[in-house]
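**Student:** Mind looking over this structure? Questions follow.
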Amino acid sequence: MKTFIFCAESTMSFAGPKEIIAEGDTVVLYLTPALMHTIDAVPQIRNKKNETIDYVFQTSFGALKVRDLIGVRYGARVQLTKGWAHVLQPNPELWTQTLPHRTQILYTPDISMILYQLEVRPGSVVIESGTGSGSLSHYFLRAIRPSGHLHTFDFHEERVAKAREEFVAHGLGDNVTVRRRDVCEQGFGDELDGIADAVFLDLPAPQLAIPHAAKALKNEGKLPPIKQP
């Protein structure tokens, strides 16, 4: 399998509705309900030899020259060499179905219940641990924008770096802070004491983080039920 490094930074394709695909946008290539891909709309990429080449994305319905997506309207049908696909603006639901899995993830039905139980709304301050692949994080960010903030924690350095990179690339960086920390041992930090409207713990032993969550929550803050191991 070839490894590519993208030449351009993604723009704000998650941050709000758009009509036209701009260079650098993250785009969902929809082939069938069970077959979708997330790609960055950049004309060129660098291969492992650091050579600049045209970005041609291969699908089961044929190849797509990615530069041809730039300037196309979201929702349009695009021609592949052996068929066609639709290009969609990403949202948390589509991202959950297409994201690169760094960990096991939560899906829309469970996430809907979590958002309901935590009463997350625009302006909420939410603490999440762990960040993992960022599936739930994107739902939190959509719910709390434009004035809320997500503080998300993970103990794994590479996952933290990748999540931070994705949030910025998706135009969500102003509403999220990503930290590397073992919250069971170290808590969330004194600077977050008493500021959170909600805390969500997706950890192997969430009960160990309960005292830290209690410190971070406002008096009326929400913590969903914890299932004991």
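**Student:** Calculated FRET efficiency, Gln104 and Gln186, Cβ-Cβ r, R0 22 Å, to nearest 0.05?
**Tutor:** E between Gln104 and Gln186, to the nearest 0.05, is 0.40.
**Student:** What longest range of the chain stays clear of loop-exposed GluC sites (Glu not before Pro) (DSSP non-H/G/I/E/B, at most 14 other C-beta within 10 angstrom)?
**Tutor:** 120-229
**Student:** Per the helix-only calculation at 222 nm, which mean residue ellipticity applies to the chain, given -39500 (n - 2.57) for every DSSP H run of n ≥ 4 and division by its residues, nearest 500 deg cm²/dmol?
**Tutor:** On the way: 6 runs with 52 residues, N = 229.
Taking each H run of at least 4 residues, the total per residue is -6500 deg cm²/dmol.
**Student:** Compute the signed sum of charges (Lys and Arg +1, Asp and Glu -1) over the other residues within less than 11 Å, Cβ to Cβ, of Asp154.
**Tutor:** So the environment of Asp154 carries a net charge of +2.
**Student:** Can you tell me how much longer the chain between Lys218 and Ser112 gets when fully stretched, taken as 0.36 nm per residue apart minus their C-alpha distance, in nm with one decimal?
**Tutor:** 35.9 nm is the gain from fully extending Lys218 to Ser112.
**Student:** Relative contact order for segment 95-216: what is it in percent, counting Cα pairs under 8 Å that are at least 6 residues apart?
**Tutor:** Answer for segment 95-216 is 26 percent.
**Student:** Starting from the Cα of Lys65, draw a straight line to each of the aspartates and glutamates and keep only those under 14 Å, dropping any in the same chain fewer than 8 residues away.
**Tutor:** Straight-line reach from Lys65, under 14 Å: Glu23, Asp40, Asp54.
**Student:** Same structure again: For the chain, modelled as a GNM with alpha-carbon contacts under 10 angstrom, which of Gly71, Gly171, Gly134 fluctuates the most?
**Tutor:** Gly71
**Student:** Among Ser133, Ser124, Ser60, whose mean-square fluctuation peaks in a Gaussian network model of the chain (Cα, cutoff 10 Å)?
**Tutor:** Ser60
**Student:** Something else now. Label points 7 Å out from Cα along the Cβ direction at Glu119 and Asn50: separation in nm?
**Tutor:** With each label placed 7 Å out from Cα toward Cβ, I get 5.6 nm.
**Student:** Using a Gaussian network for the chain with springs between C-alpha atoms less than 10 Å apart, which of these wobbles most: Gln186, Gln207, Gln89?
**Tutor:** For the chain, modelled as a Gaussian network with Cα springs under 10 Å, the answer is Gln186.
**Student:** Same structure again: Of Lys82/Lys162; Lys18/Lys48; Lys162/Lys215; Lys18/Lys49, which pairs sit farther than 30 Å apart, going by alpha carbon to alpha carbon?
**Tutor:** Pairs exceeding 30 Å: Lys82/Lys162; Lys18/Lys48; Lys18/Lys49.
**Student:** Tell me, what is the per residue accessible area of the chain in Å², probe radius 1.4 Å?
**Tutor:** That works out to 53 Å² for each residue.
The values are calculated or read from the model by the stated rules, or taken from the named source; none is laboratory data. If you're wondering where the values come from, they're calculated on a predicted model, not measured in any experiment. When we count neighbours, we look across all protein chains shown, and the Cβ atoms used for this are built from the backbone with ideal geometry, even at glycine. Side chains included, ligands, DNA and RNA excluded: accessible areas come from the protein's heavy atoms. Shrake-Rupley method; radii C 1.70, N 1.55, O 1.52, S 1.80 Å.
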